[in-house]
Amino acid sequence: MKRLLRLVLVINLLALAVSIARAHYNMLLPQSGSVKKGESVLLVYQWGHPFEHELFDAPAPEAVFAVAPDGKKIDLSKELEKFEIVGADGKKATAYRFRFTAEQRGDYLFVLRTAPIWMPEGQEFLQDTVRSVLHVQAERGWDAAAGLPFEVLPLTRPYGLQPGMAFQAQVETQAPQGGQPLRNGAAARGRKPFAGAIVEIEHYHAAPPAMLPSEEHITRTAKTDPNGVLTCTLTDAGWWCLTARRDGGVKQHEGKEYPVRQRSTLWVFVDEPVTPK
Ligand SMILES: [Cu+2]
């Protein structure tokens, strides 16, 4: 019996070791990448490991809003409905959803921000902003900034993509106080390109995969170039998350100070292969 207990303990420790390495992300997924004007779409917010489809209880978000194609901000925080979602192994987790009706043609941005989330495994807080896009017939606004201090902005249009296509995005961060003014789009937004930013790239599985590859094939890592530009290849159909991070200061937890890691995630959808008939 003692031996069995010890074995169970060892297995639990191994499981913990594995989960330390896997990265948690916030997922904000429109259930359809594009709709027509006047149609509605369901959006789901969930928290966990996208590749493994391992879901955990999502915290109530701090803010949720859309930016319409004409630039108008639409607060969606009152539209959220809490529900239970089923993750890997049939495990239930708290998630949130809301329905959105597109009243204009163009591209809608959806942005969700979380309060700092304590991560016992990493001994740090994660404070995330996630962004996804809904395409409504006209190509307008997919590259718009959502007015955040730290953002991953697509340079490649984030829809109508095929598996294997290259994707580029520019990471922008708040400009330092009193620095040299920069004459570009980022400066106009009070930000500067974030050179050398670490970006994690991960594919989302709508159902848990039967077999998991090694860690480096689950989460890819790239750095932005001197212009803050990220380049990656989206090899498979479905959702991908591109997550940049920066230092967000410190925050108290049980009387001690721990680092806050601020992350900005861009969710991008890749279509199934299209073959002309
Ligand atoms: Cu994790």
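Overview of values
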| item | result |
| --- | --- |
| Of the GluC sites (Glu not before Pro) in the stretch 170-277, those whose Cβ has at most 14 other Cβ within 10 Å and which sit in DSSP loop | Glu254 |
| Candidates per GluC sites (Glu not before Pro) in the stretch 115-155, loop by DSSP, up to 12 other Cβ within 10 Å | Glu121 |
| Accessible area expressed per residue, the chain, with surrounding protein chains retained (probe 1.4 Å, Å²) | 52 |
| Cβ-based net charge around Gln162, under 13 Å, with every Lys or Arg adding one and every Asp or Glu removing one | -2 |
| Top positive-direction residue, dipole computed over the stretch 24-270 with Cβ charges, set Pro50, Phe167, Pro120 | Phe167 |
| Cross-link reach list, aspartates and glutamates versus Lys36, counting only Cα pairs under 18 Å and skipping chain neighbours closer than eight places | Asp70, Glu103, Asp107, Glu139, Asp271 |
| Global form of the stretch 176-277, assessed from the alpha-carbon gyration tensor, a/c cut-off 1.5 | oblate |
| Beta bridges per DSSP with both ends in the chain, % antiparallel, nearest 5 | 90 |
| Simple spin-label estimate for Ala210 and Ile74 in nanometres, 7 Å along Cα-Cβ | 4.2 |
| Of the GluC sites (Glu not before Pro) in the stretch 25-100, those whose Cβ has at most 16 other Cβ within 10 Å and which sit in DSSP loop | Glu39, Glu62 |
| The stretch 24-270, dipole about Cα centre (Lys/Arg Cβ +1, Asp/Glu Cβ -1), debye to the nearest 20 | 840 |
| Leading residue at positive end of dipole, the chain (Cβ point charges), from Leu234, Ala195, Leu28 | Ala195 |
| Distance violations [Cα-Cα > 25 Å] among Lys37/Lys72; Lys37/Lys78; Lys192/Lys256 | Lys192/Lys256 |
| Bins of 5 Å from zero: percent of alpha-carbon pairs in the chain | 1, 5, 11, 16, 18, 17, 14, 8, 4, 2, 1, 1, 0, 0, 0 |
| Label point distance in nm, Gln31-Ala188, each placed 7 Å from Cα along Cα→Cβ | 3.8 |
| Solvent accessible area, Å² - Arg189, 1.4 Å probe, full protein context | 100 |
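The values are calculated or read from the model by the stated rules, or taken from the named source; none is laboratory data. Computed from a predicted structure; not experimentally measured. Backbone-built Cβ (ideal geometry, glycine too); neighbour counts: all protein chains shown. Calculation scope for accessible area: heavy atoms of the full protein, side chains included, ligands and nucleic acids excluded. Shrake-Rupley method; radii C 1.70, N 1.55, O 1.52, S 1.80 Å.
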